[in-house]
1. Quick one: helix B:369-379 against the long Cα principal axis of chain B, what's the angle to the nearest 10°, folded into 0 to 90?
2. Based on the Cα coordinates of the stretch B:47-169, what is the per residue volume of their convex hull in Å³?
3. Please list the non-local residues whose amide H lies under 5 Å from the amide H of A:TYR81, H modeled 1.01 Å from N, same-chain partners needing a gap of 5 or more.
4. Can you give me the relative contact order of chain A as a percent, contacts being Cα pairs under 8 Å and 6 or more apart?
5. Using the Cα centre as the reference, give the magnitude of the dipole from point charges on the C-beta atoms of the stretch B:47-169 (Lys, Arg: +1; Asp, Glu: -1; all else neutral), rounded to the nearest 20 debye.
6. If the chain between B:ASN382 and B:LEU293 were fully stretched, how many nm would it gain, using 0.36 nm times the residue separation less the Cα-Cα distance?
7. Tilt of helix B:383-409 relative to the longest C-alpha principal axis of chain B, in degrees (0 to 90, nearest 10)?
8. Suppose R0 equals 51 Å; then what is the FRET efficiency for A:SER55 and B:VAL16 from their Cβ-Cβ distance, rounded to the nearest 0.05?
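None of the figures in this text is laboratory data; all of them are computed from the coordinates on show. Quick caveat, the model's predicted, so the values are computed rather than measured. Please note: Cβ atoms are built from the backbone with ideal geometry, for glycine as well, and neighbour counts cover all protein chains shown.
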Amino acid sequence: MKTVLQVDGLKKTYGTLEALKGVSFEVHEGEIFGLIGPNGAGKTTTLRIISTLLSPSGGMVVLNGFDLKKNPEKFRELISYLPEEAGAYRNLTGMDYLRFMSNFYAETAERSEEYINRAVAIAELGNRLDEKVGTYSKGMVRKLLLARALMTKPVLTILDEPTSGLDVINSMEVREIIKKFSREGISVLLSSHNMLEVEFLSSRVALINRGIILDTGTPQELKEKYSAPNLEVVFRSALQ
Amino acid sequence: MKKFFNLLRKEIKELVTLQLFISLLFTIGLFYFIGQMAKKEIKKAMTVQKVSVLDLDQSPLSKSLLDNLRLMNFQVEFSKTAGQEEAIQSAKDSDANLLLVIPGGFGESVSKFEMQPIETYTFLRSFSISGTKNSAILGAVVKAVNSYISDDFLKKKFPDMNPDNLKNPIKSRDYVIVKNRMAEGSASSVTSFVYSQSIVVPIILMMIIIYSSQMVISAIAMEKQNKTLETLLTVPIGRTSIVSAKMLASGLVGLISAIIYMIGFKYYMGGLMSDVPVAANIGNVIHKLGLSLSANGYILLGISLFAAILCALALATILGVLAEDYRSAQSLLMPVIFLVMIPYFISFFSDMNSLSVPLKVFILAIPFTHPFLATQNILLENYQSIFLGILYMLIFFAVLVFIAARIFSTDKVLTMKLKWRRKRLLF
């Protein structure tokens, strides 16, 4: 299977604090790769580095053959990042927001329309897309942002806590959207501290704690390895 | 460029809100209203004013005094009462604002040069312009009558002499020299005319700088507060374009807002100044001295203003990065306001050349000082100072843009914060 993203010995320090101490993993084409760990484990820092928001202190990140340090612009063309608790511009309508974002990726007006139509279908917000984002509920904003992240069918979609702060119904809908797009061949790298959610979504997972990857594998492989009924127990066992 | 204009369009859409329109319309309306009110008051002050008169003398001199009052646009109404107390009470009850009491024997005592004062009573029914102007006019009338009486006396005693030469044996002819041009006139009236003509420049500048800076700081802070900055930084557009789009949008909206404010201000000033006659000869003096801005002068002033706006926008961009949210952004505007206020007040109340060297260096190091000084430097043809000021501002701007672009290209755009409690910068 083709490797889309390769992360090797990734390090990040903030002053004297070592947030990442040599994180390594790979994401293959068409898979959902989940990073799971408690708060402060280094999940968001890893995703922010891959998204070109933070610069790494050491190690290597390669996406489709492009090195992060040498080609951050190429990374931005190939990825789509949905941060945790992200927002949209409150004074723009949902449609204006999608048009604004699609114009960064689309070379032609036809391609832009194609992206917008795809986003409209993903978001399922109907006529509310013509209203200002400031009037949306949290769930609606999250769906709009997820639609934005997926509309260009990027090489790698990076989702940080995709269902954070959402109710059960909205969380289920968001998970379904991610699953559906993964089946269409999109590679997804997501992080969550909700291990059951990651178990449901991910093809493979990496357990991360205090800036170190504890183990990597499919949820089934990990459950068998640690003789655990779910990933929560796997994580506790891996810590020991 | 397509991506840049996409971003610029969004930035402008974000800034031009209904609230901004309402605020601008309200301000124009308010300025217009105040201007019209002031105009009305001034007109009222210039219309025929009633003066109640109790003439207990009835001499030719008292009649001459009242004729002079009529010439000064006063409507003289004789009090029907016999005594002073009753006259005061009667005037108080009427709508007259002035009461003039000419005592008996006034004409005779004046002809003997024995002092016998006339009495004036001003009823202050409000503190408006028209309410206070009457007593000043009356004072001028008394002065004119004094001059008339003394001139008359001197003419009788010294028929071959000009009374004015006797009263003012030393006369002066005042000349004003600017560079190599000279004109006859008073330095104070030239200064106050130039001041009144150029007062509007620092006001425009201050408004544009504060407006645009506030917009940039708020735009960046709002991106942080609404959690949209992280997404924006991961889309395929250069970081420099993100910084420039924000600066350009804020500059454009700030400029348009300032122009709209100035239209309102013009209404206000127009209302205030429209009916005030300007001394005719001052125009000639100003023309002779070359103290009016030529087309080239306006272009130079425009370049200086533009350079200052660029500096303000770049400075605001850096400060905006330090803000965590919209509230902290408002506090961060304070340094910009101070940097604008210092040269603003210095340009009004002090002469740069009379300041001590360290203070002068400090003031000149503030980039916003230069456009404040530009008007007088253009008028006084100190072109070297203007060009050096513009050059300094452009260098200052380039350094700030470099710093801003560096910040946006690194982690610092997300990690740099100003912690007020710890009072230090965190990187």
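1. Value to nearest ten degrees: 50.
2. On the way: hull volume 14.4 nm³, N = 123.
Spelled out: Cα convex hull of the stretch B:47-169, divided by residues, is 117 Å³.
3. A:ILE158
4. Numbers: 452 pairs, mean separation 65.6, N = 240.
This gives 27 percent for chain A.
5. Working: 13 positive and 15 negative charges, 65 e Å.
Here the stretch B:47-169 has a charge dipole of around 320 debye.
6. Numbers: separation 89, 0.36 × 89 = 32.04 nm, distance 1.33 nm.
So the extension gain works out to 30.7 nm.
7. Between the helix axis and the principal axis of chain B, the angle is about 40 degrees.
8. Details: r = 35 Å, r/R0 = 0.69.
Efficiency, rounded to the nearest 0.05: 0.90.
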